[in-house]
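Asker: Before anything else, here's the structure in question.
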Amino acid sequence: MTYCVGLMLNEGIVLLSDTRTNAGLDNISTYRKMFLYEERGERVIAIMTAGSLSVTQTTIARLREAIEDPESDETQSIMKAPTMLKVAEIIGNMLAKVREDIDEKISAMQGVTASMIVAGQRRGGAMRMFLIYPEGNFIEATEDTPFLQIGEHKYGKPILDRVVKRSTSLADAQKAVLLSMDSTLRSNLSVGMPLDLCVIEKDACQVSYTRRIEAGDEQFRAMSEAWSRALRDGFSQINI
């Protein structure tokens, strides 16, 4: 299982993913689930993945192959696509095709599934963020729903529902996604560190900030403890 969350804000995009993949409690590994592609000043695309590792890794590999192929065109390469909508369509089609291929080849894995969050911006276009389903169709983050989640999302959703708006600052957004992840880490052992954090400022068309948060990170631990204290204090002050 995994947890990935993306926020679409007036100031930019904030993304966070864990890196834990497990096939049973005795087979836990670390795999990157956030992939960044940029042509600085021209376009930036971020992809986060959840679900079957065979599906997501094959999809990313085929997308990268198309990027590196000099003969690929705007219908095949996400780095040549004219809009972020077309980027989402290319990735959705590739995800659906890979899932179907693996289903056909490995009968014991009928029903393999995966989903992705795709976000970014091209020069002259708007920032956009999409959640792509296993079948290849997708939904988009909107003014009313400025965040998208994939994987084990239920534990980290309440804080996002309460505090995140399109007007939320990038600094507060980073705090929100980290606290959302902290809640998930505490409630589900199948989600685990290290964490990958990414910020893309509006109209920068490049990655503005990235951070790998390792287990034992003092800043993350202090934030987690402060949040726990705040919750306990708030709970104790409520009268019924």
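Asker: Using Cα-Cα distances under 8 Å and only pairs 6 or more residues apart, what relative contact order does segment 60-140 have, in percent?
Answerer: So the answer I get is 26 percent.
Asker: Quote the FRET efficiency, to the nearest 0.05, computed for Arg123 versus Gln219 with a Förster distance R0 of 51 Å and r equal to the Cβ-Cβ distance.
Answerer: Working: r = 34 Å, r/R0 = 0.66.
Working from the Cβ atoms, E equals 0.90.
Asker: Counting only pairs 8 or more residues apart or on different chains, how many lysine pairs in segment 3-237 have their Cα atoms under 26 Å apart?
Answerer: 22
Asker: Report the relative contact order of segment 183-231, percent, no decimals, based on alpha-carbon pairs under 8 angstrom and at least 6 residues apart.
Answerer: This gives 26 percent for segment 183-231.
Asker: Given a Förster radius of 25 Å and the C-beta distance between Lys97 and Glu74 as r, what FRET efficiency does 1/(1 + (r/R0)^6) yield to the nearest 0.05?
Answerer: About 0.85, to the nearest 0.05.
Asker: Quick check for me: using +1 on Lys/Arg Cβ and -1 on Asp/Glu Cβ, what's the dipole size of segment 3-237 about its Cα centre, in debye to the nearest 20?
Answerer: 560
Every read-out reported here was derived from the displayed coordinates using simple, explicitly stated rules and does not represent laboratory data. Given the structure is predicted, the values throughout are model-derived calculations rather than measurements. FYI the Cβ positions are ideal-geometry reconstructions off the backbone, even for glycines, and counts take in every protein chain you see.
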